[in-house]
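Have a look at the structure below, then the notes.
The values are calculated or read from the model by the stated rules, or taken from the named source; none is laboratory data. As the structure is a prediction and not an experimental result, all values here were calculated from the model. Here the Cβ positions follow ideal geometry from the backbone for every residue, glycine too, while neighbour counts run over all protein chains shown. Just the protein is used for accessible areas: all its heavy atoms, side chains included, with ligands, DNA and RNA removed. Shrake-Rupley method; radii C 1.70, N 1.55, O 1.52, S 1.80 Å.
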Amino acid sequence: MLVLAPSRHEKDELKLTRALHRASRSPKKAVWVDCSLLDHLSAEAIDLLLAYAYMLHCQNRRLVLCHVPDTVRHHFLDLDAESQPLVVPSLLDAESYDEAKPSGFFSA
């Protein structure tokens, strides 16, 4: 699980890239990203999250976004299934999704 924190540095996307890369190398079936500390996401961060959602989908895995700010939620909805991360209201909902998955999947 990654917890995104607000910051005003130009290299934030590089840090996010590194964190997502490391998380994606885990054998877990899902990468959870908690956005509860944010009130917005940059266009670069949104594009990066969408790219990792697609990449993980291609590996039969999932990017799960929790507490997505209302101001950017629309960027993650109404996409094709390959590009769309799972957007859930809370970490508890993410955990419930994990438990409800069909057999053959294992928990993150």
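In table form, for the structure just shown:
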quantity	calculated
1.4 Å probe accessible area per residue over the chain, in Å²	62 Å²
Cα-based Rg of the chain normalised by 2.2 N^0.38 Å, two decimals	1.01
Accessible-area composition of the range 7-54, carbon plus sulfur, in percent [1.4 Å probe]	54 percent
Helical contribution to [θ] at 222 nm, DSSP H n ≥ 4, -39,500 (n - 2.57), averaged over the chain, rounded to 500	-12000 deg cm²/dmol
Helix 91-100 vs. the chain, principal-axis angle (Cα, 0 to 90°, nearest 10)	20 degrees
Cleavage-rule hits (trypsin sites (Lys or Arg not before Pro)) in the range 1-75: DSSP loop, at most 13 neighbouring Cβ within 10 angstrom	8, 11, 25
Rounded to 10°, Cα long-axis angle of helix 12-24 versus longest principal axis of the chain	10 degrees
Nearest 10 degrees, 0 to 90: helix 43-58 Cα axis against the chain principal axis	20 degrees
